[in-house]
Structure formats: structure tokens, C-alpha cells
Amino acid sequence: MIKKEMIAMLLAGGQGSRLGVLTANMAKPAVAFGGKYRIIDFPLSNCINSGVDTVGVLTQYQPLRLNAHIGVGVSWDLDRNEGGVTVLPPYEKSQNTDWYTGTANAIFQNLAYMESYHPDYVLILSGDHIYKMDYELMLGYHKAKGADVTIATMAVPMEEAPRFGIVVTDEESRITEFQEKPAQPKSNLASMGIYIFSWKALKESLTALQDVPGCDFGKHIIPYCHEKGERIFSYEFSGYWKDVGTLSSYWEANMELVDLVPVFNLYEEFWKIYTHFSAKPPQYISAEAHVERSILAEGSEIYGQVIHSVIGPNVTIGKGAVVRDSIIMEECVIEDGAQLDRVILADGARIGAGSVVGTGDYAESTFDKKVYASDLTVIGEGSVIPAGVTVGRNVAIWGETEPADYPDGRLESGGHVIKGGSRA
Amino acid sequence: MKAIGIVLAGGNNKRMRELSRKRAIAAMPMAGSYRAIDFALSSLSASRVKRVAVLTQYNSRSLNEHLSSSKWWDFGRKQGGLYLFPPTITAESSDWYRGTADSLYQNLDFIRESHEPYVIICSGDGIYKLDFNEVLAYHVDKGADITVVCKEMPEGTDVSRFGVVKTDENDRILQIEEKPVQADGRLVSCGIYVIRRRLLIELIEKCAEEDRYDFVSDILIRYRTVKNICAYRMKSYWNSISTVDAYYRTNMDFLDPEVRRHFFKTNPEVFSRVFDNPPTKYNPGSVVRDSLLASGCIINGTVEHSVLFKKCYIGNGSVIKNSILLDDVYIGDGVYLENCIVDGHSTVRAGEHIVGQPDNIRVVAAEDPRI
């Protein structure tokens, strides 16, 4: 019998729709972060660094990129004879076949996977947060408290508390009350969406609530456990933790890595973040190039200027090009003389020679006001912008655009060109 | 692929000075992100050679560490694998490898028990990309007994550290002169050979009977008139790193966009052990020009026309010019370095001023006070 004390279930099926064209054809956990990483690398690395070597990754929305990234888990040492990483998509059953309708429903549909490891504890993670956390310490806490459920929480500024799921605790950190996005928060401890369940409590609650439509941990399972009188504790985490759910928070979190001494330090030896990566060549900075206040990943060739930016692997920035306050992901090409200011350029995009992207004043988005609400211009995976055009701020572009898409060679602030997705 | 691979990686060379004090030549860091042996292993792997033996002896620990897993080069399969063979004490012998032919003799069982008809022998210090399928096709086409991969070195190259090859008009090798005082021609042997497995066994056994140990002088040179030994001319980049000067120049060659395009931007790629270092960070005040930087470096000072390996730290106001910094070098504030090679894990303290000459590169190998 295979026996694992604790296994992890990583929820990676969500779209992350507020990242706009960045998640047009990949799930949010697969979006690049910090130059060479992808968001899912953080929870996966935390798992192996915490000694959790059995991880089920639940995928649903646009899983191709995520599957390719995870592979057999070699990059995280999660290729194991027993356990390791297993990608768990929804599957057809003899009856009641359904997509994953909610976070808890997704876990319920994989009860058999969990049971095959006979776990005492199950760690529930989401694949869209940037943080380093030792789950082993959290498990120690869970055991010491004799808890049925432990929820990782974090103190947030009181004025921001209404944006979060808030927990109210007694003096022993036992949770006495839950408030979902409360107008009048009674505490400033926000749930991080990280749970440890004792196996019995998890199985019982999932089974009891299996017919609840869209069964969700925060909305259904935790309140159910609470009403039943299970021992639910708050594990207060004080390190760096960032939800990169919106374009501006995603941009900010990336830019924090560039700071002289970043709050979130990737250069520490004892808690490495691993990613799917083959050995890549060194980066080349040419004689006429200028690079300042930036981080650059392997294999990039810089002939122009890079100022306060995050540059991914194998990027080419041509002569006379200027990249400022921008995030440039893997394999992008910025041709000679192009200028980028506050741009997020997704994998493999190409900016034509002399084009100016991110200029002028902010204007409200004509495309999606909820998603595009900052002065960042976002260009989706594999997009092409022709030479010599001018693109404003708060613009969304996805697809291989042509000069005809830019009347008078211009795309004004707040505008959009969406030509991608025809393949899907 | 109808061949097994054998990488000769056991030798030392005094002309590497301090650089080979703690590592084998084949384990020398190369081009920022690699080690010398990666080029041979990647070429073998990309050519679909499945069984590869690495014969190690001198400072083999460094190489063993680099080869701690064969997965990086896509070996380690049920069919095939990467084998490390240091000299070993047996019932018959307790000798070190006394030469290249002797090292093959001591591992004759590996060669005998393979079933592939050909053997590719290469040295671990060559920097190149080569499709061995092409060499093998040439070998068969020529009806050669042994094929020696050769390179016509650019004009002006000092070939006195190589084996210089003379051929007839059909590329049959007439003469090989090892490390000639006065070289006649610029065609040099790359130390890469293709030979039929049965013939190799026969020649190696004969060598052993006669107490001969060297592949070049006792097989290639000795048999050149009775065996058909042919030269395959390699067109693309090749160099070997047997001296400090050659090591410096070969690394600096990667500042040339053509060399980078050949190695980095065209398939197949060069594989190496993966270290998961974070991106390289350029802090305020950093100035970097015409340089290669591997992952995990933090730059506060000036770097010009230099190659920085992984995890180097450059302090405020320091200037690094025409230099090579191996892995994990720490340069304090206000340091000036020119024409230097700084050995891995060295610490150069604040304010130091170390200058070598273009024709006499200074090797800096400081003990690391951090360990």
C-alpha cells in the first residue's frame, strides 16, 4: 500500500479573466512571471521544498501550456516512483459527467486519486499566488492544534479587508466566524486560499455536499465544517504573498523584483524556485546597449535600451529600441528603434521596427473596462505589431495585426485589436 | 545511430595553470552557462548516440559532479545510458590509465559487449557542434578504417599545440605531427575519431600486447600506411581549451554574434546541467557593454567586453574589463580587473586592482573566505 502523510491538490483550472489577453489561450497559473518563471512554479516549488512530493494539479481552462510546462515534473523533482506530479483534468464517467463546477467539486471528482495515497492530510492550494511558504510548518501547526481544518491567513490593512474573505479568531487562533468580503470587517485576517484538511473531515464534507451546484471551499465546505463544529484554526503567515489577479497587481509584483533589495527575494539559496527550463545560453549585452534597473533571463540579446523592466528568456531587443517600465516575456522580438513604455508583451510577440507602443494619455477602454483599467498596454501571446505604427495606452492587442488595423498608423489609447483565437 | 560514444576526459594539461587545480579540463566552465564536456555530450545526444562512456581520471570528482544525472543530455534511458568509467583495480591490473589507448583497453569489455557496429571517440575539451551521422556517412562512403575529424584553422592561428595533419588529394592522412615546432599547414586533428568497433578491439588488443598506450602515436601514426585513415573536414566552429590562452580566447569568441548564432540560436541546442538560478539583475549604477552574462548575477558596477559565469556579484564602482569571471565570483566595491580570469568561487576584496596583459592573461584564484 502506498502511504503519504500529506498530499497536495493544486487548483489550476481557472481562467483568471482579469488578466485579459494574457490568459486568452493559457490558464492563469501558466502565465509567465519574474522573467523566467510561470505562476504555478511558486506553489510547485513550495511543495517540493516543504517535502510534499505528491501533487495533483487540477486543470480545466486552456491546459495545453500548463501540461507542457509541468510534463512529468522533472523540473521540480516531482518525477517520483511513488507519487510525484499528476495532472488531473475533468474526465467522463459512466454517469453524472461534468466539468469542474467549483473548487471543491474539482477535488471531489478526484476522490479516487487522493484515496490511492491513503493520506492523513490534504493540502489544498491555488495556482495563482506568488509566495514562498513552508507547508511542513503549517502541518506541524495543524497537528499541534489538533485541528480538522487549518486555513492560512494573512493580516491585511484594515481598509483593504472588505476585498477579502475575513476570518475572526479567538485567543487560541480558533476561527469563530467567517465574513466574505464584509463591509464592516471584524478582523483584518484574510484567508489566503490555502487549506490543510485532515482526511476524514475533507472526505466527509466533500461527500456530504457533493450535490451542491458549483461546490466551493470558501462558500460551502468551510461554512459546512464550521457549522458542524469542526476545529478550524487560522495559521497566520507573515511572509510575502501576492495575488496577481489583475493586470496592475501583476505588473507591480513583477516590478518589485527589480528593486535594489526586493521584498520577495529570488536570490536566496535555501528556498529555490524551480521552473521548466533547459540549460539556456548566457545573455548578451552589446556595446551600444544600455541596461539599468532591470532583471533579464538567459539567452536574451540586447542591442537597445532596457530601463526598469523584466525581460524573459531568449528575447531580442534591437538597436535603438527603448523598453521602459515593461514586462517582456519569453522569445519576444523587439525590432530596431521600437519604443515600449508600460507594456506587457506576452510570449513570442513581435514589435515591428520603429513602432511606438504605450504613448499619450490614458483613456477608458473601449473593449473591457473592468479588465483594462490602467495605463498598461497588453499584447497577447504570439501577436505581431507591424513596423512604424503608434499605439496608445490601456490598449489590448492579440493576434497577427497588419498596418490596415492601424488607421493612419495609429491605435489610440483605450483601443483594441483582437484577431487571435481563430484557431480555437 | 549505429555507434557508441566514448569521451576521453581523463587528461590534465599543465598549461591550464591554476585553472585545472581543482577540476578536470572537460569540466572547465565554458561560454557562461556550460562546461567543456557539454559540447561533446550534446553533439552525441543530438546525433542519437544512445550509449556513451566517459573515461575519467585526473580530478574526476569535478566531472562526476557535473554528470551527477544523465537526464540533462537526454541520456539515462532503458535503451542506453551515460557511463562514467574511472580507472579501477581488477584481478589483473591496478594501473592508472597510462594513455588514451590504455584507457580504452581497460574498458574493452564495454566496447566488446556493445552491439553497435561503430565507435565514436572524442575528447572532452573540444568546443563544437557536430552531427556524427554525417561523419559516419563520410566514413562509410570513403571506405575508411579510421576517420579523423579535422579542422582547417584560420590563418594566423598558432597550431603548435595541436596535431597537424597532412593528407593526399583523397583526404587520406599521410602524416600527423603532434605539437610541431614548425608546422606545415593549418589542418589539425580535433581528437574525434570514428572506427569500426571490431577493428578498434583488434588494434587496442595489439597495442596492449606491445605495451603501447597512446591512441595517436601508437595507432593513428603507426598504422597510417597500412590502414586507410581519412580526414573529415569540419566546416563549422571548433576549438579546444588546452591552455589558459586558448581557454580565454575560446570564451571571448562567444562575444562574436556569428559564434553565438551557431551555438545558441540554431538547432540542436547545447545541453547542460540546469541550476535554476534567478534572472540576472542590473542595479542602479550598472554599466554593461559587449558582454555575456549567465543567470543569477547581480551587477552594480561596470562590465566591458567580458564573460560572467553564473551567480557573479559585482560591487559598486567596480570595473571589469576584458575578463572572464567563473561561477559564483564575488567582486567587492571599487575593484579594477583587466585581462583576468577569476577562478570559480573566488572573492576579490574591495579596492583591489588586478591587471593582466592581453598576451599574458592573469589567473586569479583566491581562496573563498565565504566557505
Legend entry - 0 to 90° range, to nearest 10: angle between helix A:247-256 axis and chain A longest Cα axis: 90
Legend entry - Cα-based equivalent ellipsoid, the stretch B:33-186: semi-axes from gyration tensor eigenvalues, Å: 28, 20, 18
Inset, instruction - May I ask you to derive the FRET efficiency for A:LEU64 and A:VAL168 from their Cβ-Cβ distance with R0 = 41 Å, giving the value to the nearest 0.05? - result: 0.45
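By the scheme Lys and Arg +1, Asp and Glu -1, what is the net charge of all other residues having a beta-carbon under 13 Å from that of B:LYS50? If you can, show how the numbers build up before the last one.
Numbers: positive: B:LYS2, B:ARG48, B:ARG51, B:ARG77, B:LYS78; negative: B:ASP74, B:GLU116.
Charge balance near B:LYS50 sits at +3.
Could you sort B:88-101, A:180-193, A:290-303, A:393-406 so that the peptide with the highest average Cβ count within 10 Å comes first and the rest follow in order?
In decreasing order of mean packing, B:88-101, A:180-193, A:290-303, A:393-406 become A:290-303, A:393-406, A:180-193, B:88-101.
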Inset, instruction - Could you tell me what fraction of 2.2 N^0.38 Å the Cα radius of gyration of the stretch B:3-264 comes to, as a two-decimal ratio? - result: 0.95
Inset, instruction - Quick one: Debye curve from the alpha-carbon atoms of the stretch A:273-380 only, equal weights, vacuum; give me log10 I(q)/I(0) at q = 0.11, 0.20 Å⁻¹ to two decimals. - result: -0.34, -0.99
Legend entry - Rounded tilt (10° steps) of A:199-208 against the dominant C-alpha axis of chain A: 80
Legend entry - Spacing of the two label points (7 Å from each Cα toward its C-beta) at A:ARG410 and B:ARG172, in nm: 7.8
Inset, instruction - Any chance you could get the radius of gyration and Dmax over the Cα atoms of the stretch B:209-308, in Å? - result: 20.8, 67
Legend entry - Relative counts (whole %) of C-alpha pair distances in the protein assembly as shown, using bins that are 10 Å wide: 2, 12, 19, 20, 19, 15, 8, 3, 1, 0
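Quick one: order A:TYR267, A:TYR195 from most to least accessible surface, probe 1.4 Å.
Values: A:TYR267 50, A:TYR195 25 Å².
Heavy-atom accessible area, descending, gives A:TYR267, A:TYR195.
Loop only by DSSP, 14 or fewer other Cβ within 10 Å of the Cβ. Give me the trypsin sites (Lys or Arg not before Pro) in the stretch B:217-252 that pass, ordered by residue number. Show your work: numbers first, answer last.
Numbers: sites: B:ARG222, B:ARG224, B:LYS227, B:ARG233, B:LYS235, B:ARG249; in loops: B:ARG222, B:ARG224, B:LYS227, B:LYS235.
Answer in residue order: B:LYS235.
For chain B, what does the relative contact order come out to in percent, with C-alpha contacts under 8 Å and a separation of six or more?
Values: 840 pairs, mean separation 56.4, N = 371.
In percent, rounded to a whole number, it is 15.
For the stretch B:41-106, what is one quarter of the convex hull surface built on the Cα atoms, given in nm²? Could you put the intermediate results ahead of the total?
Numbers: hull surface 21.1 nm².
In nm², the orientation-averaged hull projection of the stretch B:41-106 is 5.3.
Could you do me a favour and compute the accessible area per residue for the stretch A:112-239, 1.4 Å probe, result in Å²?
Working: 5690 Å² over 128 residues.
The answer is 44 Å² per residue.
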Inset, instruction - Partner chain Cβ atoms within 10 Å, averaged over the residues of B:285-294 - can you pull that number for me? - result: 6
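Using a 1.4 angstrom probe on heavy atoms only, work out the carbon and sulfur share of the accessible area of chain B in %. Mind showing how you got there, number by number?
Numbers: 7100 of 15370 Å².
Here it works out to 46 percent.
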Inset, instruction - Give the long-range amide H neighbours of B:CYS150: residues separated by 5 or more places, or on another chain, with amide H under 5 Å away, using H modelled in the peptide plane at 1.01 Å from N. - result: B:CYS190, B:TYR232, B:ARG233, B:MET234
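Across the residues of B:260-270, average count of Cβ atoms on other protein chains within 10 Å? It would help to have the intermediate numbers written out before the result.
Values: counts 5, 1, 0, 1, 8, 5, 0, 0, 0, 5, 4.
Mean shielding by partner chains, rounded to a whole number: 3.
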Legend entry - Peptide A:263-275 - average C-beta neighbours from other chains (10 Å radius): 2
Legend entry - Surface/4 of the Cα convex hull for the stretch B:108-167, nm²: 6.0
Inset, instruction - Show the residues, 5+ positions off or on another chain, whose built amide H is closer than 5 Å to the amide H of A:VAL323. - result: A:GLN305, A:VAL306, A:ILE307, A:LEU340
Legend entry - 5 angstrom amide H check on A:GLU301, placed H, neighbours 5+ away: A:TYR284, A:VAL315, A:THR316, A:ILE317
Inset, instruction - In whole Hz, with x marking every Gly and Pro, tabulate ³J(HN,Hα) for the stretch A:377-389 from phi via Karplus 6.51 cos²θ - 1.76 cosθ + 1.60, θ = phi - 60°. - result: 9, 10, 10, x, 4, x, 6, 10, 10, x, 6, x, 9
Inset, instruction - Could you tell me, in Å, what Rg and Dmax come out for the Cα atoms of the stretch A:28-112? - result: 13.7, 44
Legend entry - Projected-area average for the stretch B:281-364 over all orientations - Cα convex hull basis, square nanometres: 4.3
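Work out the FRET efficiency for B:SER236 and A:ASP211 from their Cβ-Cβ distance, taking R0 = 51 Å, and round it to the nearest 0.05. Each step should come with its number before you reach the end.
Details: r = 66 Å, r/R0 = 1.30.
Computed FRET efficiency for B:SER236 and A:ASP211: 0.15.
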Inset, instruction - Specify the angular offset, from 0 to 90 degrees and rounded to the nearest 10, of the alpha carbon long axis of helix B:132-142 from the longest principal axis of the alpha carbons in chain B. - result: 30
Inset, instruction - For A:GLU159 and A:LYS419, calculate 0.36 nm times their separation in residues minus their Cα-Cα distance, and state this gained length in nm to one decimal. - result: 89.6 nm
Inset, instruction - Any chance you could check the Cα centroid distance between the stretch A:229-281 and the stretch A:314-392 for me, in angstrom? - result: 25
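Can you flag which of B:LYS129/B:LYS265; A:LYS143/A:LYS272; A:LYS36/A:LYS272; A:LYS319/B:LYS129 are past 19 Å Cα-Cα? Could you put the intermediate results ahead of the total?
Values: B:LYS129/B:LYS265 12 Å; A:LYS143/A:LYS272 26 Å; A:LYS36/A:LYS272 13 Å; A:LYS319/B:LYS129 29 Å.
As for pairs spanning more than 19 Å Cα to Cα, those are A:LYS143/A:LYS272; A:LYS319/B:LYS129.
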Inset, instruction - With label points built 7 Å along Cα→Cβ from the Cα atoms of A:TYR91 and B:ASP95, find their separation and express it in nm. - result: 6.0
Legend entry - Computed log₁₀ I(q)/I(0) - Debye formula, equal Cα scatterers, no solvent, chain A, q 0.06, 0.11 Å⁻¹: -0.27, -0.86
Legend entry - Residue-wise HN-Hα coupling along the stretch B:80-85, computed from phi with Karplus coefficients 6.51, -1.76, 1.60 (Hz; x: Gly, Pro): x, x, 10, 10, 9, 10
Legend entry - Under the Karplus curve 6.51 cos²θ - 1.76 cosθ + 1.60, θ = phi - 60°, whole-Hz ³J(HN,Hα) for the stretch A:175-180, x wherever Gly or Pro sits: 7, 10, 7, 10, 10, 8
Legend entry - Simple label model, 7 Å out from Cα along Cβ direction - A:GLU5 to A:GLU269, nm: 2.7
Legend entry - Length-normalised contact order of chain A in % [C-alpha pairs under 8 Å, at least 6 apart]: 13
Legend entry - Over 18 Å [Cα-Cα, the stretch B:315-371], rounded percent: 23
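The values are calculated or read from the model by the stated rules, or taken from the named source; none is laboratory data. Note that the coordinates shown come from a computational prediction; the quantities given were computed from them, not determined experimentally. Glycine also receives a Cβ, built like all others from the backbone with ideal geometry; neighbour counts cover every protein chain displayed. All accessible areas refer to the heavy atoms of the entire protein, side chains included, with ligands and DNA or RNA removed. Shrake-Rupley method; radii C 1.70, N 1.55, O 1.52, S 1.80 Å.
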